[in-house]
Amino acid sequence: MKLRKVSAAAAAALVLSITATACGGDGDSDSGSGSGGGDKKITVGIKFDQPGVGQKTPQGYSGFDVDVATYVAKKLGYSEDQIEWKEAKSADRETMLQRGDVDFIAASYSITPERQEKVDFAGPYLLAHQDVLVRADDSSIKSPSDLNSKKLCSVTGSTSAQNVKDKLAPEADLQQYPTYSACLTGLQNKAIDALTTDDSILAGYASQDQFKGKFKLGGFKMTNENYGIGVKKGSDLKDKINKALEDMVSDKSWDAAVKANFGPANYQNEPAPKIGDIKS
């Protein structure tokens, strides 16, 4: 990522910023070392369409991943107005990192062996699970097997619903909708019985003002999804981000971010994972 040279005054401010910021680096901007200050920018990939996780709104950007990325960027020496946000769609994430389009990605990015062959991961910073969202007044779905003969929704192209049908509820009636929002509308209108994807994503949607109190999570924990922050292979940002994530947990900022983004859905989150502890 090319960054503009700083002016003499900005350079002086940079020296002060580095002195005051424990995690600020001193490498040049093309190395991805994470040095901040002056008119420099850091480019971060997030989801733009996942409420509670990563969302672009007319007011700006919000969600748990946004809060984590903002905290990390600050520890790397960048203020919030020095962050350039880029949309990181699921299919584009590895390519964006490999091309250097972004410095790091925090976008409900599960750490998997296949992805680790292409990029490096800091973290994990959240342990999520595949789960289901049902209507708050529906007491008929108490376990994954109860999804048999139920209309189970996920977005087109997702493997979540098929995983349930293949492994847990072979008689589930799969329904594919174009977006999670469409699934939620169907769930509210009783056109479908349950929506499945990561519990963090479900909690984020259910926490929206228009849906508060209308849905509940099943709490089934059908898979482990270890969310990590992706960086380019070999980037020295990995260790710096890991240190920032440890700081976020220790000073309770992590807990505050979970509560702020998922709290309204009564999301029973796992404790903050230890760096490098990837649950299979």
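The values are calculated or read from the model by the stated rules, or taken from the named source; none is laboratory data. What you are looking at is a predicted structure, and each value in this text was computed from that prediction instead of being measured. We place every Cβ from the backbone using ideal geometry, glycine too, and count neighbours over all the protein chains shown. SASA here: full protein model, heavy atoms, side chains in, ligands and nucleic acids out. Shrake-Rupley method; radii C 1.70, N 1.55, O 1.52, S 1.80 Å.
Axis angle, to the nearest 10 degrees, between helix 237-250 and the longest C-alpha principal axis of the chain: 70 degrees.
The per residue volume of the convex hull around the alpha-carbon atoms of segment 213-280 is 112 Å³. Normalised radius of gyration (Cα atoms, divided by 2.2 N^0.38 Å) for segment 69-155: 1.52.
Just checking the listed ones, PRO58, PRO264, PRO178: in the Gaussian network model of the chain with Cα springs under 10 Å, the one fluctuating most is PRO58. Taken about its Cα centre, segment 219-280 carries a charge dipole of about 180 debye when Lys and Arg each add +1 at the Cβ and Asp and Glu each add -1 at the Cβ.
Helix 64-75 axis versus longest C-alpha principal axis of the chain: approximately 10°, rounded to the nearest ten.
Of the three principal axes defined by the Cα atoms of segment 72-226, the extents in descending order read 50, 35, 24 Å.
Assign unit charges at the C-beta atoms only (+1 for Lys and Arg, -1 for Asp and Glu), then state the dipole size of segment 32-127 relative to its Cα centre in Debye, rounded to the nearest 20. The dipole of segment 32-127 has a size of about 40 debye. Full extension of the chain between GLN116 and ALA260 gives 48.8 nm of extra length, using 0.36 nm per residue less the Cα-Cα distance. Ordering of 84-90, 97-103 by packing is 97-103, 84-90, highest average first (other Cβ atoms within 10 Å, averaged per residue). For segment 156-280, what is the convex hull (Cα atoms) projected area averaged across all directions, in square nanometres? For segment 156-280, averaging the hull's shadow over all directions gives 9.4 nm².
For GLU246, GLU114, the ranking by accessible surface with the largest value first comes to GLU114, GLU246, using a 1.4 Å probe. Measure nothing fancy, just the Cα-based angle from helix 8-20's long axis to the longest principal axis of the chain, in degrees from 0 to 90, nearest 10. It is inclined by approximately 60 degrees. Only helical runs count toward this figure. For the chain, summing -39,500 (n - 2.57) over DSSP H runs of n ≥ 4 and dividing by all residues gives -8500 deg cm²/dmol at 222 nm.
Packing, taken as the mean count of other beta carbons within 10 Å per residue, orders the peptides 59-71, 182-194, 165-177 from highest to lowest as 59-71, 182-194, 165-177. Of the options VAL66, LEU152, ALA169, report the single residue whose Cα projects farthest towards the positive end of the charge dipole of the chain (beta-carbon charges: Lys, Arg +1; Asp, Glu -1). Checked the options; the winner is LEU152.
Within the chain, the ratio Rg/Rh, alpha carbon atoms throughout and Rh by Kirkwood, equals 1.02.
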